[in-house]
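This report refers to the structure that appears directly beneath it.
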Amino acid sequence: MNQKVFPATGTFFLLTMLVWLLLFFPTAASAAQSQPAVQTAWWVWEIALFVFCFFLGIVAVIGGVGGGVLFVPIVSSFFPFHIDFVRGAGLLVALSGALSAGSPLLKKGLANLKLALSMALIASISSIGGAMVGLAMPENVVQLSLGATILGISVIMLLSKNSAYPDISEPDTLSKILHIYGIYYDEQLQKDVSWQIHRTPIGLLLFIVIGFMAGMFGLGAGWANVPVFNLVLGVPLRVSVATSIFVLSVNDTAAAWVYLHKGAVLPLIAVPSIAGMMLGTKIGARLLTKVHTRVVRRLVIALLAAAGLRALLKGFGI
Amino acid sequence: MKEQLHASRVQLTYATVLSWTSTLGIIFVVAGYLVYVFQLLPAAVTPAEIAMQWHLRASEFHKAVPVPSGWDWVSQLGRGDVLSYASVVYLSSVTMICLAVIIPLFIKEKDRIYTIITILQVLVLVFAATGIISGGH
């Protein structure tokens, strides 16, 4: 247990400091949105963004959340970039994370191609719509809706109780037509686990909403994909997490193209974010066994809530 | 390798293509960025000029700074800023490549439902990539 003290204390202070900054320094961040940061050299922002995303990557893995959902509200609070570019970068951060994680999950049979393709088709269409709407909305409306969404995500994360192995007695007709079922080797149980799903039409409807929100705010949608797969459709938790990553790669690709065409992607912002976040998630995965993940998860939720509140205040012009 | 028994042939092919294309994508993105920021190739807009305006909305930003967007960079690949942008475009195309590769496999397996779903999915992504709906270049 002593091994856990140092990293846990460090992470605790880092997160507490971020929450405190988000809540009590709103004016500094809003000032950055309205005027150019001529006084600071561009490369200082680049390095700061890389380092910031590196720590965000560590925290995201330990807290069990996707980096994308933390990236947009927090980076738009601390950095001088317009939220259009932050959302564009957020989509690419989530996309590159999903692309690099996807292959081993598919090979192991944890991510299910047929389940993902069925849901991603409809969700990717709505994510294009969400991106179009999001980029057309006035900035204060974006901040208000982002704030409300992030606060909602914090509540979902706090309250949702996942089910590792949901028991589905009878699959629904649509899932039978689409041949959505599977079997995977569960390392914890050390045996094969077969699964099937129900409530497919409800799941499809929910994925329309998820895709729209992901496109609108440039958020990775793991926070919503996983509960819908697991709690609504009845997919085992491991398969839900893995398949969510696959769905995310399709949805974010669709939305990213809208951001690219609308000129809302700047490599100068996106690339340090991607590199920092990817490096951070690798380190975070190594630290996973050395810290109290439950404590960190609660702090990450507090951090998200503070970022949501901060975005709401910005939306109200406070 | 007991786990691999549960992944279908189509899924394994997708995973293999994804592994190669995404690794290449990350390498491209980082290399393109380094070429740009260290100005190893000439660029129409320097990072400092971008930083002066990155607080603006995307639409206003593009009126002030001639950086690439959509497909308008294709004829200018020798520029550092364009190379960096092109690498991001490639990363955004990885999923399309992987999906396109598995269509013939679904056809071969006579899986009509997933042949149609995958073709539709590729069409949706191609539609987004053309910029028709988003007023792209």
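Scan the range A:114-127 residue by residue and report those that are surrounded by fewer than 24 Cβ atoms within 10 Å (Cβ to Cβ) and within 7 Å of another protein chain (Cβ to nearest Cβ).
A:K114, A:L121, A:I125
Can you say whether A:L219 is more than 9 Å from chain B (Cβ to nearest Cβ), surrounded by 24 or more Cβ atoms within 10 Å (Cβ to Cβ) and part of a helix (DSSP H, G or I), as far as the supplied structure shows? Answer is no for this residue. A residue that is surrounded by fewer than 24 Cβ atoms within 10 Å (Cβ to Cβ), modelled with pLDDT under 95 and of a type in the set (A, V, I, L, M) cannot be found anywhere in the range A:69-77. Here is a check on your reading of the model: is A:A214 closer than 21 Å to B:M96 by Cβ, within 8 Å of another protein chain (Cβ to nearest Cβ) and either among the small types (G, A, S) or crowded, with 23+ Cβ neighbours inside 10 Å (or both)? So A:A214 does not fit the description; no.
From the set of residues in the range B:1-25 that are aliphatic (A, V, I, L, M) and surrounded by fewer than 20 Cβ atoms within 10 Å (Cβ to Cβ), which is modelled with the lowest pLDDT? So the residue we want is B:M1.
Would you pick out the residues in the range A:123-167 that are of a type in the set (D, E, K, R) and in a helix (DSSP H, G or I)?
Once the filter is applied, which keeps residues that are of a type in the set (D, E, K, R) and in a helix (DSSP H, G or I), the range A:123-167 yields only A:E139.
Only one of the numbered conditions (1) touching a Leu at 6+ places or on another chain (Cβ under 9 Å); (2) crowded, with 24+ Cβ neighbours inside 10 Å; (3) closer than 26 Å to B:V124 by Cα is not met by A:V241, and that is (2). The condition of being in a helix (DSSP H, G or I) and among the hydrophobic types (A, V, I, L, M, F, W, C) holds for only one of A:V228, A:V265, that being A:V228. Selection within the range B:21-33: residues that are of a type in the set (A, V, I, L, M, F, W, C) and facing another protein chain (nearest Cβ under 9 Å). The member of this set that is farthest from A:E46 (Cα to Cα) is B:I26. Among residues of the range A:78-112 being under 23 Å from A:R297 (Cα atoms) and surrounded by fewer than 24 Cβ atoms within 10 Å (Cβ to Cβ), the one that is nearest to the other protein chains (Cβ to nearest Cβ) is A:A101. Considering only residues in the range A:276-298 that are within 16 Å of the chain's Cα centre (by Cα) and surrounded by 18 or more Cβ atoms within 10 Å (Cβ to Cβ), the one that is farthest from A:L219 (Cα to Cα) turns out to be A:G284. What about A:L70, is it within 14 Å of chain B (Cβ to nearest Cβ) and touching a helix residue (DSSP H, G or I) at 6+ places or on another chain (Cβ under 7 Å)? Here the answer is no, as A:L70 does not meet what is asked. Inside the range B:38-136, counting only helices (runs of 4 or more DSSP H) that do not spill past its ends, which hold 1 or more residues that are within 10 Å of another protein chain (Cβ to nearest Cβ) and of a type in the set (G, A, S)? In the range B:38-136, the matching helices (runs of 4 or more DSSP H) lie at B:47-53, B:58-64, B:80-91, B:112-130.
For the range A:168-181, a residue qualifies if it is assigned to a helix (DSSP H, G or I) and among the aliphatic types (A, V, I, L, M), and the qualifying residues are A:L174, A:I177. The single residue among B:V74, B:V67 that is surrounded by fewer than 18 Cβ atoms within 10 Å (Cβ to Cβ), out of contact with any strand residue (DSSP E or B) (no Cβ under 7 Å at 6 or more places or on another chain) and at pLDDT below 95 turns out to be B:V74.
The values are calculated or read from the model by the stated rules, or taken from the named source; none is laboratory data. Not measured: the values here are computed from a predicted model. Counting neighbours? That spans all protein chains shown, and the Cβs are built from the backbone with ideal geometry, glycine included.
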